[in-house]
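The values are calculated or read from the model by the stated rules, or taken from the named source; none is laboratory data. Bear in mind the structure is a predicted one, so any value in this text is a computation, not a measurement. Positions of Cβ are generated from backbone atoms using ideal geometry, with glycine treated the same way; all protein chains shown enter the neighbour counts. Side chains included, ligands, DNA and RNA excluded: accessible areas come from the protein's heavy atoms. Shrake-Rupley method; radii C 1.70, N 1.55, O 1.52, S 1.80 Å.
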Amino acid sequence: MTFTGGDVYQFSFEPRDYLSSFCSFGKGRDDILNFRLQKCFEAFKSGDIGGDVLIDIGTGPSIYQLLSACQAFKSIIATDFTDKNRQELEKWLKREPGAYDWSDFSKVVCELEGDREKWREKEEKLRSTIKHVLRCDVTKSNPLDPLVISPADGLISTLCLETACKDINSYRSALRNITSLLKPGGHLVLIGVLGDSFYKVGQQTFFCLPLDAQTVRGAVEDAGYTIKEMDVFLIPDVASHLDITDSYGNFFLVARKEAKD
């Protein structure tokens with residue numbers, strides 16, 4: 001599969017098709033989604049990760065990765081490369097008619113927190129915590145260029161770098177680029193897929209960089225982090241997903257950016 005450039009994403013990536021296939025319960029991917037929600041809940045409730053500002057690199061049209069994070073940070077900056085994804089996110093933030101319904105995800109997270117019925121309060125909390133929705137390009141040394149902002153206390157990135165990078169060197173470079181946005185001592189939460197060479201959104205097929213756990217660990221350490229945790233979820237029935245992706249697993253990684261000597 002040939003690499004999918006940014007121009008194709010800008011014009012051919014349809015957020016609602018993506019959400020329908022990859023961010024919906026009852027489509028055969030519940031175990032994958034529950035793994036991500038569970039791990040985010042555990043990471044952000046620990047008290048080790050938190051502070052004033054969290055930057056989400058490559059938010060896409062989705063918010064589930066931030067439902068637990070909004071309890072640990074005072075403000076969140078959401079980012080994405082494509083106009084359509086940012087517009088879809090803004091629709092939910094502004095409660096516009098036709099915005100995507102995230103209540104199933106909010107209820108799962110609230111159940112983990114102890115009270116499923118507080119899902120509406122959870123969504124309002126997240127809306128009030130997301131302060132900005134910005135354009136982001138991880139291939140730039142400053143991914144938020146032309147904006148220059150103060151380094152954040154935390155970074156999270158979900159299923160972004162492996163789709164934006166054509167090879168391992170690009171992946172390593174993108175990790176270094178986003179790391180420039182993080183304070184020394186701050187934490188990176190990285191959620192990604194393993195062994196994935198493509199994923200399909202509607203009728204459009206997109207490139208994905210196949211990764212293994214060892215490669216991810218090496219790239220993160222080379223970017224100046226100490227890895228605190230890396231969990232891998234192996235997908236039990238890979239064949240059932242081959243119509244939309246060929247990933248064999250997901251990973252959840254937490255790392256701390258070390259101070260320079």
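If we keep just the residues of segment 50-67 that are open to solvent by less than 10 Å² (accessible area, probe 1.4 Å) and closer than 20 Å to Glu113 by Cα, which is farthest from the chain's Cα centre (by Cα)?
Leu67
Quickly run through segment 84-108 and pick out the residues that are open to solvent by 70 Å² or more (accessible area, probe 1.4 Å) and either assigned to a helix (DSSP H, G or I) or aliphatic (A, V, I, L, M) (or both).
Across segment 84-108, the qualifying residues are Gln87, Asp104.
Only one of (1) in a loop (DSSP other than H, G, I, E, B); (2) under 21 Å from Arg135 (Cα atoms) is not met by Asp56, so which one is it?
(1)
With the condition kept exactly as written, say whether any residue in segment 31-39 is under 16 Å from Arg86 (Cβ atoms), crowded, with 18+ Cβ neighbours inside 10 Å and in contact with a strand residue (DSSP E or B) (Cβ under 9 Å, 6 or more places away or on another chain).
Looking through segment 31-39, none of the residues is under 16 Å from Arg86 (Cβ atoms), crowded, with 18+ Cβ neighbours inside 10 Å and in contact with a strand residue (DSSP E or B) (Cβ under 9 Å, 6 or more places away or on another chain).
Can you name the number of the only condition in (1) crowded, with 20+ Cβ neighbours inside 10 Å; (2) within 16 Å of Thr129 (Cα to Cα); (3) not acidic (Asp, Glu) that Lys74 fails?
So the condition that Lys74 fails would be (1).
Would you check if there is a residue in segment 223-233 being within 29 Å of Lys27 (Cα to Cα) and part of a loop (DSSP other than H, G, I, E, B)?
no
Among the candidates Phe44, Phe25, single out the residue that is buried (at least 17 other Cβ atoms within 10 Å of the Cβ) and of a type in the set (Phe, Trp, Tyr).
That would be Phe44, the only listed residue that is buried (at least 17 other Cβ atoms within 10 Å of the Cβ) and of a type in the set (Phe, Trp, Tyr).
Suppose we keep only residues that are without any contact (Cβ under 8 Å) to a residue 40 or more places away in the chain and open to solvent by less than 40 Å² (accessible area, probe 1.4 Å) within segment 174-202. Which one would you say is nearest to Val232 (Cα to Cα)?
Here the residue is Ala174.
Out of all the residues in segment 1-23, which are of a type outside the set (Phe, Trp, Tyr), touching a residue at least 40 places away in the same chain (Cβ under 8 Å) and in a loop (DSSP other than H, G, I, E, B)?
Those that are of a type outside the set (Phe, Trp, Tyr), touching a residue at least 40 places away in the same chain (Cβ under 8 Å) and in a loop (DSSP other than H, G, I, E, B): Met1, Thr2, Thr4, Glu14, Cys23.
Show the residue pairs that are 6+ apart or on different chains and have beta-carbon atoms under 6 Å apart, the first residue being within segment 234-261 and touching a residue at least 12 places away in the same chain (Cβ under 8 Å) and of a type in the set (A, V, I, L, M, F, W, C), the second being surrounded by 14 or more Cβ atoms within 10 Å (Cβ to Cβ) and part of a loop (DSSP other than H, G, I, E, B).
The qualifying pairs are Ile235/Tyr248.
Given Leu209, Leu253, which one is of a type in the set (A, V, I, L, M) and either assigned to a strand (DSSP E or B) or more than 21 Å from Thr59 (Cβ to Cβ) (or both)?
Every option except Leu253 fails the conditions.
Would you mention how many residues in segment 219-258 are crowded, with 20+ Cβ neighbours inside 10 Å and of a type in the set (S, T, N, Q)?
Counting residues in segment 219-258 that are crowded, with 20+ Cβ neighbours inside 10 Å and of a type in the set (S, T, N, Q) gives 3.
Can you run down the residue pairs with Cβ atoms below 7 Å, 6 or more apart or on separate chains, where the first is in segment 111-134 and within 15 Å of Arg95 (Cβ to Cβ) and in contact (Cβ under 8 Å) with a residue 24 or more places away in the chain and the partner is of a type in the set (Lys, Arg) and surrounded by 14 or more Cβ atoms within 10 Å (Cβ to Cβ)?
Val133/Arg86
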